[in-house]
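*Asks:* The structure follows.
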Amino acid sequence: MMFHFLSADMADDEPSAQDLTAIEAEGPVIRAELAVTDAEIVIAQLGQRVSELDWARLRLAERRLARVSRERFNAGRPMGDAA
């Protein structure tokens with residue numbers, strides 16, 4: 001993963017086409033990770049009142065994350081690869 005550290009004079013620079021492509025490529029993984037996190041938060045908040053639907057939502061989100069991560073890896077773009 002590439003990290004860009006901005007100095008004061010670089011702060012006004014726009015992202016390059018390559019930067020935007022890398023960000024776009026990470027989108028499905030980020031959305032899948034957020035879905036897992038959302039489901040985990042609901043379960044943590046509900047405590048003893050967690051329903052089977054809540055658990056199913058978490059399992060679905062985890063399967064989706066595994067699928068998009070596998071697709072990204074199989075496409076030759078491992079997680080965190082900026083290019």
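*Asks:* Would you please name the residue that is nearest to the chain's Cα centre (by Cα), looking only at residues in the range 11-25 that are part of a helix (DSSP H, G or I) and exposed (fewer than 11 other Cβ atoms within 10 Å of the Cβ)?
*Replies:* 24
Residues are listed down the side, and each one gets a yes or a no for (1) within 17 Å of the chain's Cα centre (by Cα); (2) at pLDDT below 90:
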site: 9; (1), (2): no, yes
site: 27; (1), (2): yes, no
site: 30; (1), (2): yes, no
site: 39; (1), (2): yes, no
site: 45; (1), (2): no, no
site: 63; (1), (2): yes, no
site: 67; (1), (2): yes, no
site: 70; (1), (2): yes, no
site: 77; (1), (2): yes, yes
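The values are calculated or read from the model by the stated rules, or taken from the named source; none is laboratory data. Values in this document were obtained by computation on a predicted structure and should not be read as measured data. Ideal geometry is used to build each Cβ from the backbone, glycine not excepted, and the neighbour counts take in all protein chains shown.
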